[in-house]
Amino acid sequence: MALVTTKDMFEKALKSDYAVGAFNVNNMEIIQGIVEAAQEENAPLILQVSAGARKYAKPAYLLKLVEAAILDTGLDIALHLDHGEDFDICKKCVDDGFTSVMIDGSKYPLEENIRLTKEVVDYAHAHGAVVEAELGKLAGIEDNIKVDAKNATFTVPEEAAEFVAKTGVDSLAIAIGTSHGAFKFKGDPYLDFERLQEIHKLIPDTPLVLHGASTVLPEFVAKCNEFGGNIPGAQGVPEEMIRESTKYGICKVNIDTDLRLAMTAEIRKHLIEHPADFDPRKYLAPARDAIRGMVQHKIKNVLNASNQR
Ligand code: G3H
Ligand code: 13P
Ligand code: ZN
């Protein structure tokens, strides 16, 4: 049991049709719910921390909570920085003991993204950490199936091959039509599987990462709305599309929004049904259970990662 890199996890996942879940963490209850599920399913696990999570919870708290989770469960866990925007935050996280960092240079032109990523790779590798980079831009809902815009935003396979060769990055996040948040598609969900297959063919040894992979299950949106929420039009990536992507090199699947929905739905329900409660443990305990249930469902039925530890 230890903090581990994603190297062995991805090596194994690349050979098979499953993916490792990478779940965003912001507080103790979220971490506990996720690790309980991974333990129950005997699954490999990545916990990831965004800049926003670092600001909210403070890095030292998150690091210690993850160390506590390892002690408590006996799991090997990879601790990953999600969407690092510059060299400094990646360096800080490596220095703090993160085993993996993402440098997100996707907003830069190719050459600058390569330069920045290489700088982070050199530092991280010298300190025993691994690096994820991103090429292509995740679609916003307004980009949905605009054929002309695809090459401007989605990952270009030949560029992915050049990028990996020049940076030596350990894994690559690609853009094939997913987006962050609860509102992913206006019409029918669409992911560019042809493009994904092309990328995988050109760089078969590079683990690929799918961001924006929440499925936004209707029952959780409905539950939020039933208990005073107002989130109409939420739509995620269908579960079968996530399963399909694991056949073409997707080894890491990022999930945050689904955790937020599961937790919020439960807290809303509890507070409406028990208006006299004001002990936070009364609603945070069921919220933690909801996280556990959601993550267990993902690992078992969507990522196919049960017993792959
Ligand atoms: O990709 C973004 C993640 O969902 C993290 O979101 O920046 O609000 O923590 P956040
Ligand atoms: P979702 O918003 O679909 O959960 O995506 C999370 C993500 O990609 C974190 O990097
Ligand atoms: Zn992301």
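The values are calculated or read from the model by the stated rules, or taken from the named source; none is laboratory data. These figures come from a predicted structure and were not determined experimentally. A quick note on method: Cβ atoms are made from the backbone with ideal geometry, for glycine too, and the neighbour counts reach across all protein chains shown. Calculation scope for accessible area: heavy atoms of the full protein, side chains included, ligands and nucleic acids excluded. Shrake-Rupley method; radii C 1.70, N 1.55, O 1.52, S 1.80 Å.
Observations on the structure shown:
- Accessible surface of segment 266-309 [probe 1.4 Å, protein heavy atoms]: carbon and sulfur percent: 51
- Listed residue pairs exceeding 24 Å between alpha carbons, taken from Lys7/Lys247; Lys12/Lys91; Lys184/Lys282: Lys12/Lys91; Lys184/Lys282
- Square roots of five times the Cα gyration tensor eigenvalues for the chain, Å: 30, 24, 17
- The peptide list 113-119, 11-17, put in order of mean Cβ contacts within 10 Å with the highest first, becomes 113-119, 11-17.
- Listed peptides 55-64, 35-44 by packing density, highest first (mean Cβ within 10 Å): 35-44, 55-64
- Checking the cross-link pairs Lys58/Lys166; Lys166/Lys252; Lys137/Lys201; Lys58/Lys269 against a 25 Å limit on the alpha carbon distance flags Lys58/Lys166; Lys58/Lys269 as lying beyond it.
- Reported to the nearest whole Å, the Cα centre-to-centre distance from segment 167-246 to segment 283-309 is 18.
- Counting charges near Val131 (Lys, Arg +1; Asp, Glu -1) among other residues having Cβ under 12 Å from its Cβ returns a value of -3.
- Cα Rg over Rh - segment 3-60, Kirkwood: 1.02
- Accessible area in square angstrom per residue, the chain, 1.4 angstrom probe: 43
- Using C-alpha pairs below 8 Å separated by at least 6 residues, the relative contact order for segment 156-309 is 23 percent.
- For segment 160-309, the gyration tensor built on C-alpha atoms gives a prolate shape. Its axis ratio a/c (a ≥ b ≥ c) is at least 1.5, and a/b is the larger of a/b and b/c.
- Computed from point charges on the beta carbon alone (+1 for Lys and Arg, -1 for Asp and Glu), the dipole magnitude for the chain about its Cα centre is near 420 Debye.
- Helix-only [θ]222 nm of the chain, DSSP H runs n ≥ 4, -39500 (n - 2.57) each, per residue, nearest 500: -15000 deg cm²/dmol
- Peptides 22-34, 123-135 ordered by packing proxy, namely the average of other Cβ atoms within 10 Å per residue, highest first: 22-34, 123-135.
- Since only Gln235, Ala222, Pro157 are under comparison, the one whose Cα sits farthest along the positive direction of the charge dipole of segment 157-269, derived from C-beta charges on Lys, Arg, Asp and Glu, is Ala222.
- When only Cα pairs below 8 angstrom with a gap of at least 6 residues are kept, the chain shows a relative contact order of 23 percent.
- Mean separation of Cα contacts under 8 Å (6+ apart) over length of segment 262-309, as relative contact order %: 39
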